[in-house]
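The values are calculated or read from the model by the stated rules, or taken from the named source; none is laboratory data. No experiment lies behind these values; they were computed from the predicted model shown. Here the Cβ is made from the backbone with ideal geometry for all residues, glycine too, and neighbour counts use every protein chain on show.
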Amino acid sequence: MTHGAGSDRTHSSLLTIEKKMAPLPVERINFPYKKEGRHFPDRAPTLINSIVEASKSMSKKYELKSANLLLGGRSMGGRMCSMAVAEGLPAIGLILISYPLHPPKKPENLRIEHFDKVDIPCLFISGDKDPFGSRPEFEKHLKKIRGPVTTKWFKEARHDLANLDEAISDEIKAWVSSF
């Protein structure tokens, strides 16, 4: 599980997901810029490479094939995981929490150029008041993903999905149990 641009691996929802998914192992990673104490994210290739390396490490640690790992995260972290998969990183599915479809108030700057290269199951969890993408926008653009897509919308919730850690974790656990 990866964090959003303004957070780190100790984000409350990532901690709750880890707890809820036990006994399945969940690894929460920090991107390089967080490890180095910087506040501004690295460029996408560096972030994607850190996901590839974390996937290799987890595969080795748990003696699993990379293709049997679920990847995902919050906002920017989830986006980077989806880009890593589009670039060929094997995974069994993607968990995308508050995916940033576009920057707030800039719906013309879509972040979907890689969607047509994603061919694994995806779970998108968002708030219906998220300024990074509306439900109609997601419904329009998620059709580009070649794998099965599941969406969960939290009513009146914004990008931070405040006070929804347990509900998010329950959705993920239910989705994962369907594999």
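If you go through the range 66-98 and keep only what is hydroxyl-bearing (S, T, Y), out of contact with any Pro (no Cβ under 8 Å at 6 or more places or on another chain) and more than 15 Å from A44 (Cβ to Cβ), you end up with just S98.
Meeting the requirement of 1 or more residues that are of a type in the set (V, I, T), the helices (runs of 4 or more DSSP H) wholly within the range 22-97 are 44-62, 76-86. Could you check the range 108-130 and list, in sequence order, the residues that are under 21 Å from L89 (Cβ atoms) and surrounded by fewer than 15 Cβ atoms within 10 Å (Cβ to Cβ)? Passing the criteria: E113, D116, D119. Applying a threshold of 7 Å to beta carbon distances and a minimum spacing of six or more residues, or different chains, the list of pairs starting in the range 92-121 at a residue that is within 14 Å of R146 (Cα to Cα) and ending at one that is of a type in the set (S, T, N, Q) and part of a helix (DSSP H, G or I) reads I92/N68; L94/S82; H114/S82; V118/S82.
Across the range 143-179, the number of residues qualifying as closer than 17 Å to G73 by Cβ and among the charged types (D, E, K, R) comes to 5. I need the full set of residues from the range 143-171 which are crowded, with 16+ Cβ neighbours inside 10 Å, touching a Lys or Arg at 6+ places or on another chain (Cβ under 8 Å) and over 13 Å from S98 (Cα atoms), in order please. S169, E171 - these are the residues of the range 143-171 that are crowded, with 16+ Cβ neighbours inside 10 Å, touching a Lys or Arg at 6+ places or on another chain (Cβ under 8 Å) and over 13 Å from S98 (Cα atoms). Figure legend. Inter-residue proximity from the range 24-38: first residues without any contact (Cβ under 8 Å) to a residue 24 or more places away in the chain, second residues part of a loop (DSSP other than H, G, I, E, B) and not aliphatic (A, V, I, L, M), beta-carbon distance below 7 Å, spacing 6+ or different chains. Indicated pairs: P32/D42; Y33/F40; Y33/P41; Y33/D42.
None of N109, N49 is modelled with pLDDT of 95 or more and touching a His at 6+ places or on another chain (Cβ under 7 Å) except N109. Of all the listed residues (G72, G88, G77), the sole one being under 18 Å from S178 (Cβ atoms) and small (G, A, S) is G72.
So that you can scan it fast, the table gives a plain yes or no per residue for (1) buried (at least 16 other Cβ atoms within 10 Å of the Cβ); (2) more than 20 Å from W175 (Cα to Cα); (3) over 14 Å from the mean Cα position of the chain (by Cα):
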residue	(1), (2), (3)
S13	yes, no, no
T16	yes, no, yes
K20	yes, no, yes
R28	yes, no, no
P32	no, yes, yes
E53	no, yes, yes
